[in-house]
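Taking it in order: structure first as structure tokens, then the write-up.
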Amino acid sequence: MRREIDLARVPRRAHVLQLVNSFHLGGTEGQVMALLRGMGEGYRSGAAAVNLQGPHLATLRGLGIAPFGLRLGEGLVRPDTVREILRLARHIRAQGVELVHAQDFYSAVLGVPAAKLVGAKVVVGRLDLAHWLGPGQRLALALATRAADRVVTNAQAIRDQLVREERLPEERIAVIPNGIDLARFDRQRRAPLQAPLPVDGSRIVIAHVANMNHPVKAQEDLLAALRPLVRRHPQVSLLLVGDGPRRPVLEALAHELEVARFAHFLGRREDVPALLARAHIGVLCSHAEGLSNAIIEGMASRLPMVVTDAGGNRELVQHGVNGYLVPARVPEALGEQLAHLVRSKALRERMGAAGRAFVERELGLERLLRRHDALYRAVLASGTPAAC
């Protein structure tokens, strides 16, 4: 049963610490930055990172936030893990932090015990399907999640997994979809590119935005789909935005499949909105996903999206309305739906407009901030379940 929240018990200008793995460019980091920029009126916001690195650090300092950095070696089963938990606990106490929001695996495993040691409330974000974790890491994350005051996911698919596999009570989980600051995003779309694109205005451009760290992003499937697509439609160019250790393997595969002159590896870019403004179709072919910011930004750019039916993707893309859902690991299906969009400008425009309308209606920044405010106030007041 839900208890009424005693708002008088919510600290005025409560101090909330956003704890994340790093401040590199990425979906989780982007959402954290949105919270830090937008939650200013009712809260004092702080930031901390397991690895104090990344281009968002300059933005943080511009916001007047001096982030706290942990010093963790490789892996968690080390003596310095306990030391860093104690350092974080002392920081939480010294700064008067009332609530810690741990956003990912490392921050949850470190942040939950640190918060508990000094009596701070703690929320754990579960923002993916934990597909990249080994069995021991999954167990550590499950234990940290269960010890938290509340859990927040960005997709129903993740909530269902937590209930099914970790036996977490549904009432302890708040589902808050990712949000996007459309006014800011549109300004970025209109900005100049940081570097020229290797395509001209005669091409139909397909954009894929994802890291190249883990096979789950399945760029191989996209390159395999590209081979028959460009044979029938040689006006197509694919832009692969992102970087990581798998990039050389993918570049070699593009040469092997004889699509290297159609597939352009752009590396990590800070001008993704401006780049998407020059594209015509968006694609994501992952084998597992939470709620993908790449899909949200593609739809915000009025791109029809072709995505795999994995994780929370079907919570964003309605088949035949704002894009197409295809089975994961089936390049033929991916290529077939891309071909539909390549052939029809009218279809691209109709689906792109539907995607933009969905983002405006369901995924605006104000909704993200309002739901987090409700979650934080509930946890600060009582730590008991409340509607968000």
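The values are calculated or read from the model by the stated rules, or taken from the named source; none is laboratory data. From a predicted model like this one, the values you see are computed outputs, not experimental measurements. Every residue, glycine among them, receives a Cβ derived from its backbone with ideal geometry; neighbour counts consider all protein chains shown.
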Go through the residues of region 85-107 one by one and say whether even a single one is modelled with pLDDT of 90 or more, more than 15 Å from residue 122 (Cβ to Cβ) and of a type in the set (D, E, K, R).
yes
Inside region 29-57, the number of residues satisfying the requirement of being of a type in the set (D, E, K, R), surrounded by fewer than 20 Cβ atoms within 10 Å (Cβ to Cβ) and either part of a helix (DSSP H, G or I) or within 18 Å of the chain's Cα centre (by Cα) (or both) is 1
Does residue 195 meet the test of being of a type in the set (Gly, Ala, Ser), assigned to a helix (DSSP H, G or I) and surrounded by fewer than 20 Cβ atoms within 10 Å (Cβ to Cβ)?
no
If you go through region 199-213 one residue at a time, how many are out of contact with any Leu (no Cβ under 8 Å at 6 or more places or on another chain), part of a loop (DSSP other than H, G, I, E, B) and touching a residue at least 12 places away in the same chain (Cβ under 8 Å)?
4
Considering only region 335-345, I want to know if a residue exists there that is among the hydroxyl-bearing types (Ser, Thr, Tyr) and surrounded by fewer than 24 Cβ atoms within 10 Å (Cβ to Cβ).
yes
Hey, can you tell me all the residues within region 241-272 that are touching a helix residue (DSSP H, G or I) at 6+ places or on another chain (Cβ under 7 Å) and crowded, with 19+ Cβ neighbours inside 10 Å?
241, 250, 254, 259, 262, 263, 265, 272
Take the conditions buried (at least 18 other Cβ atoms within 10 Å of the Cβ), under 24 Å from residue 229 (Cα atoms) and among the aromatic types (Phe, Trp, Tyr) and apply them to residue 376. Does it pass?
no
Positions within region 259-309 being basic (Lys, Arg) and free of Cβ contacts under 8 Å to residues at least 40 places away in the same chain, in sequence order
261
Taking region 58-82 and the residues there that are closer than 30 Å to residue 137 by Cα, of a type in the set (A, V, I, L, M) and in contact (Cβ under 8 Å) with a residue 12 or more places away in the chain, the one that is surrounded by the fewest Cβ atoms within 10 Å (Cβ to Cβ) would be 76
Qualifying positions in region 121-145 - free of Cβ contacts under 8 Å to residues at least 60 places away in the same chain, closer than 21 Å to residue 97 by Cα and not β-branched (Val, Ile, Thr):
144
Inter-residue pairs, beta-carbon under 9 Å, first under 15 Å from residue 53 (Cβ atoms) and in region 11-38, second modelled with pLDDT under 90 and of a type in the set (Ser, Thr, Tyr), 6+ apart:
20/28; 21/28
Boolean, residue 216 is assigned to a helix (DSSP H, G or I) and within 15 Å of the chain's Cα centre (by Cα):
yes
Among residues of region 89-117, those that are buried (at least 16 other Cβ atoms within 10 Å of the Cβ) and assigned to a loop (DSSP other than H, G, I, E, B), counted:
4
